[in-house]
Amino acid sequence: MKMRLILATGLCLAVVSQPAFAEDEADLHPYLTARYFVDIGVFFPQRKVELSVDGPLSGAQDDIDFESEFGLKKRDDLISLNFGWRFGEKWRVGGQYFESDGQREKALQEDVEWGEYVFGAGTGVRAGLEFSLIRTVFERSFANADYHDFGLGVGIHWLEIGAFIEGNAILNGQQAAFRRESVKAAAPLPNIAAWYVRSLSEKWAFKARFDWLSADVGDYDGTLINAAAGVNYSLFENVGLGLSYNLFRLDVGVDESGWRGDVKTSYEGAFVHLTAYW
């Protein structure tokens, strides 16, 4: 809902803004005239991670909500990076990076099944998560006016996801020794992309982008959404300040030799950043 509200607000601004845009590049925001830009700042997402590890005998198991089950922080403050390179009249490359991790010790309130092991209620365990994203997109512009730019592209999301639980476990109804059970997966997931930039003045610009995948790719089957919308204010000739609302969601089944199960994760929140353009 928040993402749709920001997109709608930005598009309304673009429509109702005075169309007094000169063809001179000096009257346009640097996002439309610079060859390179880099956004670097802090991403404040609300994080949610649920995953399951299928047991060899029992098959599919319920998802484990890591934040609720193990008391992990639901909100992260992450360093995040965006970049863009315009080459030629119609072509550009864009990218994004952020990573997240966390762990905590806690006494379980209920049994947690992890593959063939059960970590029983009342036992103390340590659990943790790690996640990283690198996005690269190759894009073509279809702009037909000097004051805005929009286009389509294809890209790759390189994702690394890992989780672990360690503590005294139960195997086949019998107390087992201390166990550390972990899973990790890394994969390049292709996607299609769309983006839009509107120069509201030489100081203000609105930006939006949307990346999407819904397919069976190798050992992964599911849906990926990565979207953002926000504004940028040019403080000086080569420096700006930006605010956007970013959303990343992943819901896939995993069928690797080291991990058969599924993962549902989302990172959603504000991204505050400085921008360099040149």
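Please treat every number below as a calculation from the coordinates, not as lab data. Everything quoted here is computed from the prediction, not taken from an experiment. Neighbour counts are summed over all protein chains in view; Cβ atoms, including those assigned to glycine, are modelled from backbone coordinates with ideal geometry.
Relative intensity of the stretch 122-212 on a log10 scale, I(q)/I(0) at q = 0.13 Å⁻¹, equals -0.65, per a Debye sum over C-alpha point scatterers of equal strength in the absence of solvent. Normalised by the number of residues in the stretch 226-278, the mean separation of alpha-carbon contacts (under 8 Å, six or more apart) gives a relative contact order of 37 percent. The calculated pair-distance distribution of the stretch 147-278 uses every alpha carbon pair, bins of 10 angstrom beginning at 0, and gives 11, 29, 25, 18, 11, 5, 2 percent. Summing Lys and Arg as +1 and Asp and Glu as -1 over all other residues whose Cβ lies under 9 Å from the Cβ of SER100 gives a net charge of -3.
When Lys and Arg each count +1 and Asp and Glu each count -1, what net charge do the other residues less than 13 Å away from PHE87, Cβ to Cβ, add up to?
On the way: positive: ARG35, ARG86, LYS90, ARG92, ARG140; negative: GLU89, GLU139.
Local net charge: +3.
Of all the options GLU89, GLU99, GLU116, the one that moves most in a Gaussian network model of the chain with Cα springs shorter than 10 angstrom is GLU89. Shown in residue order for the stretch 264-278 are the 3J(HN,Hα) couplings computed by the Karplus curve 6.51 cos²θ - 1.76 cosθ + 1.60 at θ = phi - 60°: 10, 9, 9, 10, 9, x, 7, 10, 10, 8, 8, 10, 10, 9, 7 Hz (x for Gly and Pro). Working note: Cα atoms of the stretch 43-102, range along each principal axis, descending, whole Å: 57, 28, 13. Geometric descriptor of the stretch 187-231, per residue, is 66 Å³ (volume of the convex hull of the Cα atoms). Ellipticity at 222 nm from helices only: DSSP H runs of n ≥ 4 in the chain, each -39500 (n - 2.57), divided by the residue count, give -2500 deg cm²/dmol. The magnitude of the dipole of the chain, with charges of +1 and -1 set on the Cβ of Lys/Arg and Asp/Glu and taken from the Cα centre, is near 680 debye.
In the chain, the longest principal axis of the Cα atoms and the axis of helix 2-16 are about 10 degrees apart.
Hydrodynamic radius of the stretch 215-278 by the Kirkwood approach over all distinct alpha-carbon pairs: 14.2 Å.
Binning every alpha carbon pair distance of the stretch 48-161 at 10 Å from zero, what are the percents per bin? Spelled out bin by bin, the stretch 48-161 gives 11, 29, 22, 17, 13, 7, 1 percent.
For the stretch 82-142, the extents of the C-alpha atoms along the principal axes are 63, 21, 15 Å, listed from largest to smallest.
What are the semi-axes of the equivalent ellipsoid for the chain, taken as the square roots of 5 times the Cα gyration tensor eigenvalues, largest first, in whole Å? Mind dumping the intermediate values first?
Values: eigenvalues 384, 66, 39 Å².
For the chain, the semi-axes come out at 44, 18, 14 Å.
Taking a sphere under 11 Å around the Cβ of GLU130 and counting the other residues whose Cβ falls inside, with K and R at +1 and D and E at -1, yields a net charge of -2.
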